[in-house]
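The values are calculated or read from the model by the stated rules, or taken from the named source; none is laboratory data. As the structure is a prediction and not an experimental result, all values here were calculated from the model. Neighbour counts are summed over all protein chains in view; Cβ atoms, including those assigned to glycine, are modelled from backbone coordinates with ideal geometry. Side chains are part of the model used for accessible areas, which takes the heavy atoms of the whole protein and leaves out ligands, DNA and RNA. Shrake-Rupley method; radii C 1.70, N 1.55, O 1.52, S 1.80 Å.
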Amino acid sequence: MPHSTSTAATPMKPFSRSLQWDLDAAVDDDDGKQHCADEGDGKQNTERGLRRPSRLFYLALLYTVFWALVFYHHFSTSVQQSVSAAVAAPTVLQLKPSAFFSASRFFRRDPCAGRYVYMYDLPPRFNADLVSGCRRVSASSDVCKDVSHDGFGPPITGGGEGGSLPEQGAYDTDQFMLSIIFHVRMRRYECLTADPAAAAVVYIPFYAGLDAAMHLGNNDLAVRDALSRDLLDWLARRPEWRAMGGRDHLLVSGRGTWDFLRSPDSTGWGNTLMTYDLAIRNATFLTTEASTRHGNDFAVPFPSHFHPSSDAEVTGWQDRMRRLDRALLWCFAGWPRPRGNGMGPERAEIIEQCGKSSHCSLLGKLNHYVPGHAMRLLESAQFCMQPRGDGYTRKSTFDSILAGCIPVFFHPISAYLQYTWHLPRDYRSYSVFIPHRDVVDRNVSIEEVLRRIPPEKVAQMRERVIQLIPTVLYRHPAVQGVTFKDAFDVALDRIVDRVAKRRRAAAEGREYVDGVDGADSWKYDLLEDGQTKVGPHEFDQYL
């Protein structure tokens, strides 16, 4: 019977052309034959079985291919990881759906984004040869002992003298080994990269402190400066240095800044590492004591005697410091200096006042320094005196924090203007400040000042000190998976942040300034967030 020839109504526009193709894919004839739907020009496609694949078909195909690749990747990785075990014994491969159906496996953020470090592979004369030549450093101390165990020095077993140190992770660490400790730690840093273009920071593993110690007393200035100048010439030839003029570079000296600030035309103390070529001032220097007049050197904690390998070791030590019965009110671990010299009168008065008190104890100079002796004294007192040492700062400051003893400072440069990355801005929260002039002029009794502090305040300060312990020690470099941030982590975070600000400023055609040369340089690192201008400060009178 013939088909009707009456005109049909205009069809409704479909939501999706591919869906319309699926719906109109075939029209049955009265005789059971199939014809494809009319094309857009009104003609019929008479080729049976041919039709354009739908978008749903392509989506399904992509979906299938995607999960096939996922399964293949997971399966091949699992097999590779089990090859070595399979040689010894057959392994049953178990695939867990969560292992390859987890979205985080494919879409998680790179944990190292913005934190990559590129480390120069320096010629060995700049580091390894200095370690092997340790006997040339000093005739008065066994530096070869100090450089052992990656700069930690000899292990101390059984808690040391009197059990005053941790049972595990204790070492006889010298205060000048930080450049080695930092380098060994950086070698195991989880975000090292071989691509300098991807790095946030470029690290220069030069053992400047060891080099300086070998030649500080040498009257031949050319010999004293030779290796530092060699390094600067080597850097000047590197494209990584030229990329930002050294503004993204990091160098850890391992000593105070003063050992590297001699003017090239001077015959004074130290070498010219930080003055020979002004371009080196663009780099960030980590020192154990920074200058208050320069904006490119930043002080980090001296290495103490505890280098833990786990979170449990740290929390266990903190709990032990909380439980100690501190029989002494105050103590001083140190020895006199000549009264006529800069630090001498301050120390002499502290020693004299302590000697007259039944609530204070001293640890004077010993023929052989034993870490346990000093730590046992620091752990027995509530307050530990921290006058100026060879410089303004002392390793004993961090020994006392490790011992849970509240430090007492006599000059703001001893800590407050130094360790701004590692110690709280509110110095009253963890320490006591007694102006050194008041002590030298005998206008104050140290013991009376300490007794006037309410017991509840003392307890709060001690707890704050104990909380600081993880951030001022250097953990064992081989450890992975710890959650606490140590002194290395804190410093590197701040350096990455500093370089990032410099990069953003350079992209905007300007120079980022977080410090300046001159009398106000020390103030920049004490500015509150958002503050850009320095002004009068309570420590101005001491500087």
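Note on region 184-315: Rg/Rh from Cα positions, Kirkwood definition for Rh, rounded to two decimals, is 1.00. To put it simply, the accessible area of region 188-309 at a 1.4 Å probe is 50 percent carbon and sulfur.
The equivalent ellipsoid of region 440-489 has semi-axes of 36, 15, 6 Å, largest first, where each one is the square root of 5 times an eigenvalue of the Cα gyration tensor.
In region 446-533, which GluC sites (Glu not before Pro) are in a loop and have at most 14 other Cβ atoms within 10 Å, using DSSP for the loop call?
508, 511, 528
In whole percents, the pair-distance distribution calculated for region 121-246 from its alpha-carbon pairs, binned every 5 Å from zero, is 2, 9, 16, 18, 17, 14, 11, 7, 4, 2, 0.
At the residue level, residue 259 shows approximately 20 square angstrom of accessible surface with a 1.4 angstrom probe and all protein chains present.
Protein heavy-atom accessible surface, 1.4 Å probe, per residue over region 461-520: 45 Å². Here the convex hull built on the C-alpha positions of region 265-418 has a volume of 153 cubic angstrom per residue.
Ligands, DNA and RNA left out, the 1.4 Å accessible surface of region 433-543 is 47% carbon and sulfur atoms. Tally Lys/Arg at +1 and Asp/Glu at -1 over every other residue whose Cβ is under 14 Å from the Cβ of residue 404; what's the total? Once positives and negatives cancel, what remains is +2. Compute the FRET efficiency between residue 135 and residue 157 as 1/(1 + (r/R0)^6), taking r as their Cβ-Cβ distance and R0 = 30 Å, and round to the nearest 0.05. After rounding, the FRET efficiency stands at 0.70.
Residue 505 sits among other residues whose Cβ lies under 14 Å from its own Cβ, and their net charge, with Lys and Arg +1 and Asp and Glu -1, is +2. For a modelled paramagnetic label at residue 362, 7 Å from Cα along Cα-to-Cβ, the residues of region 429-470 in reach, with backbone nitrogen under 19 Å, are 439-448.
Over region 231-303, what portion of Cα pair distances is larger than 16 Å, expressed as a whole percent?
The proportion of pairs with Cα distances above 16 Å equals 48 percent.
With all protein chains kept in place, the per residue accessible area of region 167-230 amounts to 37 square angstrom at a probe of 1.4 angstrom.
Excluding ligands, DNA and RNA, the accessible surface per residue across region 345-443 is 34 Å² with a 1.4 Å probe. Computed 3J(HN,Hα) for region 282-299, one whole-Hz value per residue from the Karplus formula 6.51 cos²θ - 1.76 cosθ + 1.60 where θ = phi - 60°, is 6, 6, 9, 9, 9, 10, 8, 8, 9, 7, 7, 10, 10, x, 10, 10, 10, 7, glycine and proline marked x.
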